[in-house]
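Before any comments, here is the structure.
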Amino acid sequence: MEVLELIDIHKNIKSHKILTGINLKMNTGEIIGLIGSNGAGKSTLLKIISNLLKPSEGEVLINNINVHDNFQQVANEIGYLIEEPVLYPYLTAKEHLHLALKLHGKPINDKQINSLATMLDITPFLHKKTKNYSMGMKQKLGIACAVIHNPDIVILDEPTNSIDIKGINLIKKFILQLKSQGKLVIVSSHLLQEIKNICDHYIMIENGELINTDSLSTAKSQQYLIYFKETPETQNKLEPYYPLHKSKECISIEISHTDLNSTLKFIMDNNIHISDIEKVELSFENFL
Ligand SMILES: Nc1ncnc2c1ncn2[C@@H]1O[C@H](COP(=O)(O)OP(=O)(O)OP(=O)(O)O)[C@@H](O)[C@H]1O
């Protein structure tokens with residue numbers, strides 16, 4: 001069932017275009033992986049969905065309700081952890097969870113808190129003040145606070161940040177449990193191999209634009225390597241595409257399929273001789 005729709009989302013900050021024309025529809029019971037290089041616009045998009053930022057243009061609809069015009073109506077349908085969790089150093093994990101429930105107008109339910117604490121392995125420090133927590137402990141508590149009010153949509157920006165392998169596996173299992181409860185989970189990660197086995201779909205953003213929303217296998221085939229003979233003149237002409245890759249006597253540039261036409265035009269306009277073009281299957285880590 002469709003729960004979230006993004007309609008022509010644009011975000012400009014001053015003259016900087018951060019997001020351009022993002023259109024997406026997402027359903028309950030899905031895990032969506034959000035990938036893109038540093039500065040691609042992932043956190044900005046997640047903040048817009050969570051109503052932490054307003055789009056310059058466009059609409060975010062949760063169950064057909066405009067998030068930015070009617071947030072009170074949909075605030076309980078969304079839970080998020082974006083960037084680092086904001087925690088009070090002199091409150092315990094349990095007190096944070098009580099606060100989160102109060103914020104959403106939900107009754108204190110210690111049974112629910114204990115069960116969530118078990119799933120996220122935070123029971124041992126449920127009654128300890130957060131000032132002495134490690135980054136991993138803070139991160140897990142941040143995730144617990146994001147979901148304690150039982151939202152339909154859960155947004156986790158880099159949830160595996162600062163978490164060891166055991167913790168990453170636990171979070172993956174937890175995300176799968178959220179999916180089995182019928183929630184839509186949107187998760188971003190720099191280390192996508194950490195989450196790629198659990199996602200149903202992937203959203204790729206580069207330079208604020210959606211590259212594709214296809215499956216992992218389709219997404220893999222969207223890159224091209226263009227090879228040139230290594231000469232100083234060619235190297236100079238290819239300056240807009242630095243850093244160049246070097247192998248034996250060749251240099252190459254790596255581009256996405258969306259840049260293929262403009263890159264070929266650039267090459268022709270500049271009279272650069274192409275030695276070869278290769279469509280490559282890159283692993284997700286190559287996009288990050
Ligand atoms: N408040 C702001 N003012 C100006 N530019 C901003 C602001 N917030 C974000 N940006 C710019 O918008 C672009 C996208 O940033 P964003 O944090 O959304 O990227 P990201 O894909 O989440 O990156 P990362 O993976 O490094 O966290 C970047 O170029 C960033 O510098």
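The values are calculated or read from the model by the stated rules, or taken from the named source; none is laboratory data. Values in this document were obtained by computation on a predicted structure and should not be read as measured data. When we count neighbours, we look across all protein chains shown, and the Cβ atoms used for this are built from the backbone with ideal geometry, even at glycine. Side chains included, ligands, DNA and RNA excluded: accessible areas come from the protein's heavy atoms. Shrake-Rupley method; radii C 1.70, N 1.55, O 1.52, S 1.80 Å.
Longer than 18 Å from Cα to Cα, which of Lys42/Lys173; Lys94/Lys173; Lys25/Lys183; Lys94/Lys128; Lys14/Lys54 are they? Say none if no pair is. Long pairs (Cα-Cα over 18 Å): Lys42/Lys173; Lys94/Lys173.
On the beta carbon distance between Lys128 and Lys102, with R0 = 22 Å, the FRET formula returns roughly 0.60. The HN-Hα couplings worked out from phi for the stretch 72-77 by the Karplus form 6.51 cos²θ - 1.76 cosθ + 1.60 (θ = phi - 60°) are 4, 6, 10, 4, 7, 8 Hz, whole numbers, x standing for Gly and Pro. If the segment from Tyr90 to His10 were pulled out straight at 0.36 nm per residue, it would be longer than the present Cα-Cα gap by 24.9 nm.
Taking the Cα centre of the chain as reference, the dipole from Cβ charges on Lys and Arg (+1) and Asp and Glu (-1) amounts to some 1220 debye. Relative contact order of the stretch 2-217, taken over Cα pairs closer than 8 Å and 6 or more residues apart, is 30 percent. The sum of -39500 (n - 2.57) across all DSSP H runs of n ≥ 4, divided by the residue count of the chain, sets its helix-only mean residue ellipticity at 222 nm to -8000 deg cm²/dmol.
Cα centroids of the stretch 66-95 and the stretch 32-61: 16 Å apart. Ranking of Ile13, Ile251 by solvent-accessible surface, largest first: Ile13, Ile251 (1.4 Å probe, protein heavy atoms only, all chains present). At full extension, Leu170 and Glu278 could sit 35.0 nm farther apart than now, given 0.36 nm per residue minus the alpha carbon distance. Place +1 on the Cβ of every Lys and Arg and -1 on the Cβ of every Asp and Glu in the chain, take the dipole about the Cα centre, and give the residue among Val74, Tyr88, Thr263 whose Cα lies farthest towards its positive end. Positive-most Cα among the choices belongs to Tyr88. Ligands, DNA and RNA aside, Thr234 has an accessible area near 20 Å² when probed at 1.4 Å. The GNM of the chain, with springs linking C-alpha atoms under 10 angstrom apart, assigns the highest mean-square fluctuation among Tyr202, Tyr224, Tyr90 to Tyr90. For Glu158, the amide hydrogen comes within under 5 Å of the amide hydrogens of Ser188, Ser189, counting only partners 5 or more places away or on other chains and with H modelled in the peptide plane.
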